[in-house]
Structures are given as C-alpha cells and as structure tokens.
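To start, the structure under review is shown below, and the notes come after it.
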Amino acid sequence: MRAAVIVFPGSNCDRDLAVAFGQAGFSVDMVWHKDDRLPEGVDIVGVPGGFSYGDYLRCGAIAARSPVCNAVVEHAERGGYVLGVCNGFQILTETGILPGALLRNAGLKYICRTVGLRVETADSAFTGGYGTGDVIDIPIAHHDGNYFADDDTLARLRGEDRVAFTYQDNPNGSRDDIAGILSANRRVLGMMPHPERAADPGHGGSDGTAVFRALAGVLQPA
Amino acid sequence: MKARVHVMLKTGVLDPQGEAVRHALTAMGFDKVEGVRQGKVIDLDLAEGATQADVAEMCEKLLANTVIERYEIEMV
C-alpha cells in the first residue's frame, strides 16, 4: 500500500498528511512539484493543504499546471485514488478533476476552527468507515473555501450521490453547505476540512482517522 | 506588442470582496454606489506575431477559471 504526498512550494500540511497515511499503514513517498511522474506502484495520491505558490492568481491555479499535476491527472484518469485536502481540493478543481471552484469565504474572514460535518454518503473508499448521516468534528482552516458550482453541476453531484460531506453550520457560504465532493468514479475526494488534523488523540479529536483507515482497508493488497 | 486581459467574476457568482468595498464606500458617505464587482487586470508583453487567439488560449487554460470567471482581451 503506497501513498504519494505532493509537495508544492507553500504546502504546509504535507507532513501531517504523510503521518496520517503512515499511521494507517501506508508507506509514503513525498513527491516534489517539479517531478513529472509519480513513483511506481502508488495507490493513492495526497494533495495537501497550504498556500501553493502563495495563492497567486487564484488558489491552486499555478499548482494545477505544475509538472507533477499532469501526472496526478493521468493517475486519476487511469482510475487511481486521489485525496485533496483544503488547498489540495482547490488544486483538484483547478485541474478539472473535480467540478466547481472555491471562492473567497462569504464572510471574507480566514476561518480556523473545528466544525461539525455530516457524512452525506458512506459509499466511497474514503467515507466507508462512517455511516451515512454521522456527524464528525474536523478542523477547517481556510480563506477560500466557499464551494461554488452551477445549478446543473449541483444537481448532478446530488443525483450521483457525490457529495461526501456537508457543514452542519455553513461557515463560508458554500452552496448546498458542501464541504467535500467525489469524482464520478468515486475515487477522488476533495474536501476543505482537514481529516489529517484530526487523526491523533493529541490533536484534540480523531474523527478524521476513519478516512485513512477506510482507504487502507480498500487498498490493502489481498 | 501588448495585451490587456480583464478577468471578472461571472454575473451571479458572489463577490464578497466587491461587496465589502461597496460597504466601505457607503460608510464613507458615497451614497450613489449601488454595487461593486472587483476583478483583475493582467498585462502581457507579447512577442511579434502573437495573436488574440493565443491570448484567448492562455485565458482558457490559466488566466481565468471559466467555471466562475469571464474574460475580455484588449490587444494594444
């Protein structure tokens, strides 16, 4: 079971994500943004939070066009698993792997606190460790987490059961309270909240651990 | 040769920064402002022979996120 965590200039959750994968039993490679391919045999790519390229132009815009992101897109198109958290979610929308975009928070403030999330679907390798309807506590830390998609896209996400998490008390103006979404093949998850920051009792909560354990269960070699 | 690209949020996409600017203007006493939308201007220095189509491709692929933004190109 191998995970690759991408490191951009300005990433700051890369090590946290690597530790969370490691604790779930993955061997983890850190991959620099200038690499144009992923290590052989990678099962899942983690795109971490942070401020890649200083959020220049738009959050995630420059990172999405970096050499390694072409490899991440190819990995996703081959049916590989990808987890994008926070800036990672922004990057995945900028690549087009996931639909929609993340706008400036409606209240204009950077928000850093633990929020309640409702698990909207347990039908994915990421959320299979929860029950649909469970409420979990996961930290958010973002300025641009206001999920936007047009009406048709929102209807498609709902119709295909691709909304993974919603906010209990919408902190940022996201349409339909959306905190995380899945790709059509359910193998790519992008989410603004940070499960890797709730993956150890020392974090003050460990509700995020189930994401990594569930992935390990699905990707475990038979 | 130069091009100037204007990037604006699409109509209907919430612009909280523009809204904050509107609030500030109103608070300062500028009571004739009914709405503010904030965008970006990007100036490009281009090599000879570059066309508007080249700039449009740059907009589509990087300079604008067409999910939320529209763009206009001025060749100058």
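The values are calculated or read from the model by the stated rules, or taken from the named source; none is laboratory data. As the structure is a prediction and not an experimental result, all values here were calculated from the model. Note that we place each Cβ from the backbone using ideal geometry, even for glycine, and neighbour counts take in every protein chain shown. Surface accessibility is based on the protein's heavy atoms, side chains included, excluding ligands, DNA and RNA. Shrake-Rupley method; radii C 1.70, N 1.55, O 1.52, S 1.80 Å.
For A:ARG118, state whether it is over 18 Å from B:VAL67 (Cβ atoms) and modelled with pLDDT of 95 or more.
Numbers: over 18 Å from B:VAL67 (Cβ atoms): yes; modelled with pLDDT of 95 or more: yes.
So A:ARG118 fits the description; yes.
Go through region A:80-96 and count every residue that is at negative phi, within 13 Å of chain B (Cβ to nearest Cβ) and either touching a residue at least 40 places away in the same chain (Cβ under 8 Å) or in a loop (DSSP other than H, G, I, E, B) (or both). Working first, answer last.
From region A:80-96, those at negative phi are A:80-85, A:87-95; that's our starting set.
Then drop every residue that is not within 13 Å of chain B (Cβ to nearest Cβ), which leaves A:90-95.
Adding the requirement that they be either touching a residue at least 40 places away in the same chain (Cβ under 8 Å) or in a loop (DSSP other than H, G, I, E, B) (or both) leaves A:90-93.
Summing the residues that are at negative phi, within 13 Å of chain B (Cβ to nearest Cβ) and either touching a residue at least 40 places away in the same chain (Cβ under 8 Å) or in a loop (DSSP other than H, G, I, E, B) (or both) in region A:80-96 gives 4.
Could you grab the pairs with beta carbons closer than 8 Å, sequence gap of 6+ or different chains, first residue in region A:54-68 and within 18 Å of B:VAL41 (Cβ to Cβ) and free of Cβ contacts under 8 Å to residues at least 12 places away in the same chain, second one of a type in the set (A, V, I, L, M, F, W, C) and open to solvent by 10 Å² or more (accessible area, probe 1.4 Å)?
A:TYR56/A:ILE62; A:LEU57/B:LEU62; A:LEU57/B:LEU63
For region A:40-58, which positions are surrounded by 13 or more Cβ atoms within 10 Å (Cβ to Cβ), farther than 23 Å from B:VAL67 by Cα and not charged (D, E, K, R)? Explain how you work it out, then say what you get.
Taking region A:40-58 first, the residues surrounded by 13 or more Cβ atoms within 10 Å (Cβ to Cβ) are A:42-53, A:55, A:57-58.
Applying the additional criterion that residues be farther than 23 Å from B:VAL67 by Cα yields A:42-46.
Within region A:40-58, A:VAL42, A:ILE44, A:VAL45, A:GLY46 qualify.
List pairs: first in region B:7-28 and at pLDDT 90 or above, second among the acidic types (Asp, Glu), Cβ under 7 Å, 6+ apart or cross-chain?
Qualifying pairs under 7 Å: B:VAL7/B:GLU69; B:MET8/B:GLU69; B:LEU9/B:ASP15; B:LEU9/B:GLU69; B:LYS10/B:GLU69.
Quick check on my filter: what residues within region B:16-61 are open to solvent by 80 Å² or more (accessible area, probe 1.4 Å) and not in a loop (DSSP other than H, G, I, E, B)?
Once the filter is applied, which keeps residues that are open to solvent by 80 Å² or more (accessible area, probe 1.4 Å) and not in a loop (DSSP other than H, G, I, E, B), region B:16-61 yields B:HIS23, B:ALA27, B:VAL41, B:ASP43, B:ASP45, B:GLN52, B:GLU57, B:GLU60, B:LYS61.
So how many residues does region A:50-74 have that are in contact with an Asp or Glu (Cβ under 9 Å, 6 or more places away or on another chain), of a type in the set (A, V, I, L, M, F, W, C) and under 17 Å from A:LEU17 (Cβ atoms)?
Residues flagged as in contact with an Asp or Glu (Cβ under 9 Å, 6 or more places away or on another chain), of a type in the set (A, V, I, L, M, F, W, C) and under 17 Å from A:LEU17 (Cβ atoms) within region A:50-74 amount to 3.
Give, as residue ranges, the strands (runs of 3 or more DSSP E) completely inside region A:109-176 that count at least 1 residues that are touching a residue at least 12 places away in the same chain (Cβ under 8 Å) and open to solvent by 20 Å² or more (accessible area, probe 1.4 Å). Can you show your working first?
Numbers: elements: A:111-119, A:135-142, A:146-148, A:163-167.
The qualifying strands (runs of 3 or more DSSP E) are A:111-119, A:135-142, A:146-148.
Hey, does region A:39-51 have a residue that's touching a residue at least 60 places away in the same chain (Cβ under 8 Å) and within 14 Å of chain B (Cβ to nearest Cβ)?
no
Give A:VAL73, A:VAL5, A:VAL31, A:VAL68 a once-over and let me know the one that is β-branched (Val, Ile, Thr), over 20 Å from A:ASP144 (Cβ atoms) and buried (at least 24 other Cβ atoms within 10 Å of the Cβ). Walk me through how you get there before you give the answer.
Working: A:VAL73 fails: buried (at least 24 other Cβ atoms within 10 Å of the Cβ); A:VAL31 fails: buried (at least 24 other Cβ atoms within 10 Å of the Cβ); A:VAL68 fails: buried (at least 24 other Cβ atoms within 10 Å of the Cβ).
Testing whether each residue is β-branched (Val, Ile, Thr), over 20 Å from A:ASP144 (Cβ atoms) and buried (at least 24 other Cβ atoms within 10 Å of the Cβ) leaves just A:VAL5.
Taking B:GLU60, is it acidic (Asp, Glu) and within 11 Å of another protein chain (Cβ to nearest Cβ)?
Working: acidic (Asp, Glu): yes; within 11 Å of another protein chain (Cβ to nearest Cβ): no.
Against the criterion (acidic (Asp, Glu) and within 11 Å of another protein chain (Cβ to nearest Cβ)), B:GLU60 does not qualify.
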